[in-house]
């Protein structure tokens with residue numbers, strides 16, 4: 001009875017475990033994978049954080065235009081007062097020099113200060129640069145989304161092709177096992193040779209090894225896909241086959257690099273470099289600011305806080321308003337060197353922009369050519385698969401009727417696997433070329449629809 005209860009308990013635990021795993025299993029379409037990645041992948045999140053950071057950077061620059069108000073205070077104790085030499089005539093002692101102490105042993109001071117920039121060219125340029133920086137991060141966010149979509153879609157397609165290859169091997173394995181059973185039966189009845197039994201055993205073993213290798217590759221590919229999408233590694237996923245649309249010929253020819261995020265990112269970066277150049281030049285401009293203060297001060301020979309004149313502590317207030325003008329004249333050629341560096345940065349970035357134009361155009365043309373090539377290859381390989389299947393069926397019939405050797409059957413099956421794998425590879429090449437084409441036109445996000 002106790003043993004029976006233990007078995008029931010073990011069965012219940014096992015059932016719970018299987019249910020938990022079943023709940024974690026997920027059928028993942030390409031659209032779901034892409035949307036999940038854009039919400040959970042670290043790169044996408046960091047791009048959004050950069051935009052938020054740029055908003056605070058704008059607030060920081062805007063704050064430099066506003067007045068600054070501070071409260072300050074200090075308490076000074078002078079154990080030894082500084083003395084100065086005074087002529088004796090002041091104290092009624094002509095012809096002598098009297099050493100007189102300056103100030104009091106205790107000094108308490110506190111007040112409010114205000115500063116306001118009236119003109120500072122670098123501040124206004126910095127505010128413009130901060131706003132441009134926000135636009136730069138917004139473009140980069142779109143660029144990051146495109147990179148995430150490209151990586152996830154590419155890995156998704158690789159996983160699909162591996163699954164298709166495994167399906168081909170599984171089908172061939174099942175057919176080969178059937179032939180193996182026929183050969184063994186024939187051998188037992190003296191109608192087949194022992195060498196044929198061994199050959200078919202080797203073929204079955206090789207197919208099993210291919211199955212194991214493909215299953216391992218599929219698992220690795222799925223783990224990579226989960227990493228790229230931000231899915232938990234313990235979650236079981238199943239990728240589903242999706243058709244790849246054929247593009248109309250006239251649509252393939254349109255190209256405009258100015259609308260691409262990769263190009264816009266560089267042009268916006270150049271704008272930021274130009275602002276940096278203007279800010280360096282602004283160091284040669286004068287600055288004007290206003291400052292004001294109001295303070296209250298207590299002086300005496302004893303600790304002044306909480307005391308008044310009856311205790312020989314004297315309190316007084318004072319204030320000042322100052323207009324500050326700063327005109328740079330010579331900085332040891334430091335400003336000139338900074339300006340030259342900023343100019344070279346702008347020129348370097350312009351070269352990058354010209355190079356990017358060529359690169360984007362090349363990517364577009366290469367994607368078009370690869371699509372055309374893949375379309376032709378798909379048609380050819382599709383025909384090869386049909387022919388290979390027909391050859392396998394004919395040779396298997398001939399073998400069954402004693403008209404073909406076993407080696408012909410095995411060679412035909414190998415050719416069928418090769419033809420099917422070549423077809424699958426052509427499909428993968430087409431899908432990857434389609435990704436490159438959509439990327440070259442800035443249309444990768446159409447995969448989300």
(request) Please report, in Å, the Rg and the Dmax of the chain, where both are computed over Cα atoms only. (result) 41.0, 148
(request) Can you pull the one-decimal nm distance between simple spin-label points at residue 331 and residue 99, each 7 Å off the Cα toward Cβ? (result) 4.8 nm
(request) Counting helices only, and only those DSSP H runs with n ≥ 4, report the 222 nm mean residue ellipticity of the chain as the sum of -39,500 (n - 2.57) divided by its residues, in deg cm²/dmol to the nearest 500. (result) -23000 deg cm²/dmol
(message) Could you give the length gained by full extension between residue 234 and residue 359, i.e. 0.36 nm per residue of separation minus their alpha carbon distance, to one decimal place?
(response) 41.0 nm
(message) Can you compute the FRET efficiency between residue 195 and residue 386 using 1/(1 + (r/R0)^6), with r the Cβ-Cβ distance and R0 = 25 Å? Round to the nearest 0.05.
(response) 0.20
(request) Could you check the simple spin-label distance between residue 375 and residue 118, using points 7 Å along Cα→Cβ, in nm with one decimal? (result) 7.1 nm
(request) Specify the residue with the greatest mean-square fluctuation among 338, 193, 425, computed from a Gaussian network of the chain linking alpha-carbon atoms under 10 Å apart. (result) 193
(request) Quote to one decimal, in nm, the extra length available between residue 393 and residue 319 on full extension: 0.36 nm per residue of separation minus the C-alpha distance between them. (result) 16.1 nm
(message) Suppose each label sits 7 Å from its Cα in the direction of the beta carbon; what would the residue 343-residue 212 distance come out to in nanometres?
(response) 7.0 nm
(message) As I understand it, the value is the acute angle between the Cα axis of helix 334-400 and the longest principal axis of the Cα atoms of the chain; what does it come to in degrees, rounded to 10?
(response) 10 degrees
(message) I'd like the orientation of helix 194-229 relative to the chain: the angle between its Cα long axis and the longest Cα principal axis, in ° from 0 to 90, rounded to 10.
(response) 20 degrees
(message) Given R₀ = 60 Å, what would the calculated FRET efficiency be for residue 259 paired with residue 77, taking r from the Cβ atoms and rounding to 0.05?
(response) 0.30
(message) Give me the base-10 log of I(q)/I(0) for the stretch 261-346 at each q in 0.13 Å⁻¹, Debye formula, one uniform scatterer per Cα, rounded to two decimals.
(response) -0.67
(request) Identify the residues of the stretch 421-449 with backbone N under 19 Å of a label point that sits 7 angstrom from the Cα of residue 29 along the Cα-to-Cβ direction, or state none. (result) 444-449
(request) Using only alpha carbon positions, build the gyration tensor of the stretch 319-449, then give the equivalent ellipsoid semi-axes as the square roots of 5 times its eigenvalues, largest first, whole angstrom. (result) 70, 15, 14
(request) Between residue 182 and residue 448, take the C-beta separation as r, use R0 = 60 Å, and let me know the FRET efficiency to the nearest 0.05. (result) 0.70
(message) Relative to 2.2 N^0.38 Å, what does the C-alpha radius of gyration of the stretch 235-388 come to as a ratio? Two decimals please.
(response) 2.37
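Rule-based calculations on the coordinates, nothing more; no lab input. Everything numeric in this text was worked out from a predicted model, so none of it was measured. Positions of Cβ are generated from backbone atoms using ideal geometry, with glycine treated the same way; all protein chains shown enter the neighbour counts.
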